[in-house]
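Take a look at the structure below.
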Amino acid sequence: MPEIIVTPQSLVQTTNGKRFYAYSGQIGVDNTQQWQMIDVDNIGERDILMKLEMGSAETTTVDFTIRVLINSVVVYIDTINNAGEQSMAGYNELKFICPANASLAIEVISNSTSSRTLTIMAHGKYLSID
Amino acid sequence: MAEANQFGLSSLNQLDTGIGWYSFSGLVSASTNRKPVILINNTGQRDSMITLTFGGAVVTGGDLNIGTTSNIEVVLGGETIYQNKLNSVDMGNPFNFEASLFIPRNSTLIIYVTDTDTTGSHTSMIRAYYV
């Protein structure tokens with residue numbers, strides 16, 4: 001079996017071709033720039049429903065601003081943190097539709113000068129008729 | 001390369017397969033005036049199940065300790081059927097919300113946002129499936 005390459009630059013299709021996933025891996029984020037967690041040049045020829053979760057193991061409270069860009073247009077922006085007992089797991093899973101043949105980027109910037117490690121897990125389904 | 005942007009902001013965009021539609025407001029500057037951020041004159045000839053996602057007012061790289069309060073309103077056929085306040089002050093996640101509702105065919109749907117100040121920008125998203 002060929003090895004499946006999981007990178008932040010592509011959506012990996014499941015073997016039945018109905019779903020996909022993408023993982024950012026661990027990325028250090030600070031306040032110097034928008035850090036691209038996921039950056040897919042072309043999502044493919046089908047519309048998708050994407051679901052994503054952001055996570056951080058940082059013990060210090062940090063605010064992160066996440067934004068979603070489709071064809072370089074900002075369609076969603078929000079601020080999230082890992083404060084106290086709440087953790088990022090309390091954040092609603094973010095779900096959105098992305099049209100076929102679009103570019104998709106998930107970017108994050110923090111309000112901290114120190115680099116903080118973040119991860120994003122994303123998965124979803126192709127919006128077919130069945 | 002991806003195609004040039006084909007979707008319109010604030011309007012209804014059909015899925016290729018015809019099973020539903022979506023709409024994005026795009027970035028809208030916060031205002032104390034009641035602003036229409038998504039305006040759909042006709043939702044189509046089939047009933048829809050829609051989910052609205054709203055992130056509140058955001059300042060890129062901002063500090064949640066400062067906080068901000070926004071109101072979002074769903075108006076269907078001229079009637080307000082839902083409104084809610086989202087407060088992003090640092091009292092624990094989540095700082096966004098989703099609301100789902102059925103809307104009848106051939107409806108006019110407007111999403112309004114009002115903020116308590118002019119700090120930051122809003123984004124609103126709708127994903128919809130015909131039922």
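Answer yes or no: is there a residue in region A:14-26 that is modelled with pLDDT of 90 or more and closer than 19 Å to A:T113 by Cα. Looking for residues that are modelled with pLDDT of 90 or more and closer than 19 Å to A:T113 by Cα, one finds at least one in region A:14-26, hence yes.
Which one of these is on the phi > 0 side of the Ramachandran plot and surrounded by 18 or more Cβ atoms within 10 Å (Cβ to Cβ): A:N111, A:N71, A:N81? Full working, then the answer.
Details: A:N111 fails: on the phi > 0 side of the Ramachandran plot; A:N81 fails: on the phi > 0 side of the Ramachandran plot.
Within the list A:N111, A:N71, A:N81, the selection yields A:N71.
Go through region B:49-80 residue by residue and tally those that are acidic (D, E), more than 8 Å from chain A (Cβ to nearest Cβ) and over 18 Å from B:M125 (Cα atoms). Show your work before the answer.
Taking region B:49-80 first, the residues acidic (D, E) are B:63, B:73, B:79.
Still in the list and also more than 8 Å from chain A (Cβ to nearest Cβ): B:73, B:79.
Okay, now just the ones that are also over 18 Å from B:M125 (Cα atoms), so B:79.
Going through region B:49-80 one residue at a time, the tally reaches 1.
What's the total number of residues in region A:27-75 that are part of a strand (DSSP E or B) and either within 11 Å of chain B (Cβ to nearest Cβ) or not polar (S, T, N, Q) (or both)? Residues meeting the conditions: 27. The lone criterion from (1) modelled with pLDDT under 90; (2) surrounded by fewer than 22 Cβ atoms within 10 Å (Cβ to Cβ); (3) more than 8 Å from chain B (Cβ to nearest Cβ) left unmet by A:Y126 is number (1).
If we scan region B:98-107, do we find a residue that is within 14 Å of B:S124 (Cβ to Cβ), buried (at least 18 other Cβ atoms within 10 Å of the Cβ), of a type outside the set (K, R) and at pLDDT 90 or above? Within region B:98-107, not a single residue is within 14 Å of B:S124 (Cβ to Cβ), buried (at least 18 other Cβ atoms within 10 Å of the Cβ), of a type outside the set (K, R) and at pLDDT 90 or above.
Taking the conditions (1) over 23 Å from A:F64 (Cβ atoms); (2) touching a Leu at 6+ places or on another chain (Cβ under 7 Å) in turn, B:V75 satisfies each one other than (2). Only one of the listed residues (B:T60, B:T53) is within 21 Å of B:N96 (Cβ to Cβ), free of Cβ contacts under 8 Å to residues at least 24 places away in the same chain and out of contact with any Cys (no Cβ under 9 Å at 6 or more places or on another chain). That residue is B:T60.
B:L15 meets each of the listed conditions (1) surrounded by fewer than 17 Cβ atoms within 10 Å (Cβ to Cβ); (2) at pLDDT 85 or above apart from (1).
So which residues in region B:45-58 are surrounded by fewer than 19 Cβ atoms within 10 Å (Cβ to Cβ) and either under 16 Å from the mean Cα position of the chain (by Cα) or farther than 22 Å from A:I97 by Cα (or both), if there are any at all? Steps first, please.
Of all residues in region B:45-58, those surrounded by fewer than 19 Cβ atoms within 10 Å (Cβ to Cβ) come to B:45-47, B:49, B:51.
Those that are surrounded by fewer than 19 Cβ atoms within 10 Å (Cβ to Cβ) and either under 16 Å from the mean Cα position of the chain (by Cα) or farther than 22 Å from A:I97 by Cα (or both): B:M49, B:T51.
Return yes or no: is B:S10 within 7 Å of chain A (Cβ to nearest Cβ), of a type outside the set (F, W, Y) and touching a Phe, Trp or Tyr at 6+ places or on another chain (Cβ under 8 Å)? Working first, answer last.
Numbers: within 7 Å of chain A (Cβ to nearest Cβ): no; of a type outside the set (F, W, Y): yes; touching a Phe, Trp or Tyr at 6+ places or on another chain (Cβ under 8 Å): yes.
Judged against the criteria, B:S10 is not a match.
The values are calculated or read from the model by the stated rules, or taken from the named source; none is laboratory data. Fair warning: this is a prediction, and the values are worked out from it, not measured in the lab. Positions of Cβ are generated from backbone atoms using ideal geometry, with glycine treated the same way; all protein chains shown enter the neighbour counts.
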